[in-house]
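The values are calculated or read from the model by the stated rules, or taken from the named source; none is laboratory data. It should be emphasised that the depicted structure is a prediction, and the values quoted were computed from it without experimental measurement. Note that each Cβ is placed from the backbone with ideal geometry, even for glycine, and that neighbours are counted across all protein chains shown. We work out accessible area using only protein heavy atoms, side chains counted, and drop any ligands, DNA or RNA first. Shrake-Rupley method; radii C 1.70, N 1.55, O 1.52, S 1.80 Å.
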Amino acid sequence: MSIPSLYIREKSASGPWRYRRVKEGRGLKTGDLTGPFFARPFLNGKQFWKQLLAETLAHAKKEVSQLGAGIAAQAQGFTVAQVETRNNASRVPLATAIETYLEQKSGKSQKTVYQYKRTLNEFQDVVGRKVRYLDEVTENVLRTYKKSMEAEDYAGKTIDTRLNIIFFLLKKNGIAARIPRDEMPVVEEEVAVPYTGNELTKLFAAMTDEEEIRYKFFLGSGCRDKEVTFAAWNDIDFDKKTYHVRRKEDVGFTPKSHESRTIPLPDSLIAFLRARRKTAPHERWLFINEEDRPDNHFLRKLKRIAKRAGLNCGQCRTIITEGRYEKRKKVEVSCKERPVCEHFYLHRFRKTCATRWHEAGIPIRTIQNWLGHKSLETTMIYLGVTDSEKLRTNINAAFLS
């Protein structure tokens, strides 16, 4: 298919207007060119001038390409739609690539599948008007998606995570487009900060008996939130004093990395669970919500407890959505008045547990296995720095030596 050349009209030194062909190449500046643009295609052996609708060079090039496709179609006795269908037969539509990719990832945890689906659908909503095929995804298309997230005030970590999901999709399909590393949002590696003894004392003092057993399970097992949500009575071995994290296909729960593991529980936690077993609120699940289903709102409830215990720092500010249906709106709130303090989150129990195991002399490789980490490097991130007060004697000795 022959694509017609692009032209602009400009006034010559002698006065009359003339058409000048737009040339691109090294040393030729075309960035400041604006419409109207023109093309001079052939149709039925005759050449004619046609003014284009585009106002920018990039749009004009796309329009003239489509014009060339239309003329080629007529010359072959086809409609433009028929020619496009034939030319695009080997290309992968973006929607098809997303659907296939989600199907390939369906075996991952519910949380991961949901995150992939939400991200990929959002990406398609943002770029779908301009991008029909996967091979049309370029760096600039990715930048468009990044800017849309920035406009929504997404956190840097969220933007980084969602862009990487798009990169995974592209890599799976052999597409090399990436946003350069220096344009990616800066995501600081979070240092492990275990709860202090004082924080734990105040937290548990503000809890009901039901809340206490739930969060002591987090603290004593070092488990992730979903591993606690789907903890079942037949996972607890009271003789060996262990909790077995295992797959539960009927509720869509899969351990991270698809690996089951067994975690030892402290005697005090086993004693709590023995007592609870006698009057268990549910025959299968350890912890349920008001609808007799596995509870999955541990984080929200923890933040309420921290607020109730007077532990909120009073400095955190965040955006939350309030209201229902058409009255929903985003508002900025402070942890001084609301249970939104960012210093209290479930993973700190996991980090506290790992740090205490480490301080008790348990080998790091063993801790890695109990936490369910694939790499030792990840486990090292979870081991918090020992409280300096516990090392006071060592500190004084080092100063005097």
Discussion item. Checking the conditions here, which among Pro36, Pro93 is at pLDDT 80 or above and closer than 19 Å to Lys130 by Cα?
Written reply: Pro93
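Among the residues of region 88-104, how many are surrounded by 15 or more Cβ atoms within 10 Å (Cβ to Cβ) and without any contact (Cβ under 8 Å) to a residue 60 or more places away in the chain?
As a first pass, look at region 88-104 and keep what is surrounded by 15 or more Cβ atoms within 10 Å (Cβ to Cβ): 92, 94-95, 97-98, 101-102.
Filter again for without any contact (Cβ under 8 Å) to a residue 60 or more places away in the chain, leaving 94-95, 102.
Looking only at that region, the number is 3.
From Leu302, Leu311, which residue is within 22 Å of Lys226 (Cα to Cα), surrounded by 13 or more Cβ atoms within 10 Å (Cβ to Cβ) and at pLDDT 95 or above? Steps first, please.
Values: Leu311 fails: within 22 Å of Lys226 (Cα to Cα).
The match here is Leu302.
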Discussion item. Here is a list: Ala176, Ala155. Which entry is open to solvent by 40 Å² or more (accessible area, probe 1.4 Å), farther than 30 Å from His343 by Cα, without any contact (Cβ under 8 Å) to a residue 60 or more places away in the chain and aliphatic (A, V, I, L, M)?
Written reply: Ala176
Worksheet item: Can you name every residue in region 201-223 that is surrounded by fewer than 17 Cβ atoms within 10 Å (Cβ to Cβ) and in contact with a Ser or Thr (Cβ under 9 Å, 6 or more places away or on another chain)?
Response: none
Worksheet entry | Check on Ile213, out of contact with any His (no Cβ under 6 Å at 6 or more places or on another chain) and not in a helix (DSSP H, G or I) | no
Worksheet item: Just to be sure, is Glu322 of a type in the set (Asp, Glu) and open to solvent by less than 50 Å² (accessible area, probe 1.4 Å)?
Response: no
Worksheet item: If Ala397 satisfies every condition in (1) at pLDDT below 90; (2) outside any loop (DSSP other than H, G, I, E, B); (3) surrounded by 11 or more Cβ atoms within 10 Å (Cβ to Cβ); (4) not hydroxyl-bearing (Ser, Thr, Tyr) but one, which is the exception?
Response: (3)
Worksheet item: Would you pick out the residues in region 196-211 that are within 31 Å of the chain's Cα centre (by Cα) and at pLDDT 95 or above?
Response: Glu199, Leu200, Leu203, Glu211
Worksheet item: Taking region 11-29, which residues are over 18 Å from Ser65 (Cα atoms) and part of a loop (DSSP other than H, G, I, E, B)?
Response: Ser12, Ala13, Ser14, Gly15, Pro16, Gly25, Arg26, Gly27, Leu28, Lys29
Worksheet entry | Check on Thr85, at pLDDT 75 or above and open to solvent by 60 Å² or more (accessible area, probe 1.4 Å) | no
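Of all residues being among the hydrophobic types (A, V, I, L, M, F, W, C) and part of a strand (DSSP E or B) in region 224-247, which is surrounded by the most Cβ atoms within 10 Å (Cβ to Cβ)? Just the residue, please. Break it down stepwise before answering.
Filtering region 224-247 down to residues among the hydrophobic types (A, V, I, L, M, F, W, C) leaves 228, 230-233, 236, 238, 245.
Now drop any that are not part of a strand (DSSP E or B), which leaves 232, 236, 245.
Working: Ala232: 18, Ile236: 19, Val245: 23.
Here the answer is Val245.
From the list Arg317, Arg365, which residue is open to solvent by 50 Å² or more (accessible area, probe 1.4 Å), in contact with a strand residue (DSSP E or B) (Cβ under 7 Å, 6 or more places away or on another chain) and at pLDDT 90 or above? Walk me through it before giving the result.
Values: Arg365 fails: in contact with a strand residue (DSSP E or B) (Cβ under 7 Å, 6 or more places away or on another chain).
One residue alone meets the criteria, Arg317.
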Fill in: Tabulated pairs, region 105-127, first within 26 Å of Val141 (Cα to Cα), second assigned to a helix (DSSP H, G or I) and among the basic types (Lys, Arg), C-beta under 7 angstrom, 6+ apart or interchain
Thr119/Arg162
Fill in: Complete set of residues in region 248-281 that are loosely packed, with under 14 Cβ neighbours inside 10 Å, among the basic types (Lys, Arg) and within 17 Å of Ser221 (Cβ to Cβ)
Arg274, Arg277
Worksheet item: When both residues are 6+ apart or on different chains and their Cβ atoms are under 6 Å apart, which pairs have a first residue that lies in region 244-271 and is without any contact (Cβ under 8 Å) to a residue 40 or more places away in the chain, and a second that is assigned to a helix (DSSP H, G or I)?
Response: His244/Asp235
Discussion item. List pairs: first residue in region 355-378 and among the β-branched types (Val, Ile, Thr), second residue assigned to a loop (DSSP other than H, G, I, E, B) anywhere in the structure, Cβ distance under 8 angstrom, at least six positions apart or on different chains.
Written reply: Thr355/Ala192; Thr355/Pro194; Thr355/Leu383; Thr355/Gly384; Thr355/Thr386; Ile364/Leu383; Ile367/Leu383
Worksheet item: Within the bounds of region 215-236, is there any residue that is farther than 24 Å from Thr112 by Cα, among the small types (Gly, Ala, Ser), touching an Asp or Glu at 6+ places or on another chain (Cβ under 8 Å) and in contact (Cβ under 8 Å) with a residue 12 or more places away in the chain?
Response: no
Worksheet item: Across region 325-356, what is the total count of residues that are closer than 17 Å to Arg300 by Cβ, among the β-branched types (Val, Ile, Thr) and surrounded by 17 or more Cβ atoms within 10 Å (Cβ to Cβ)?
Response: 1
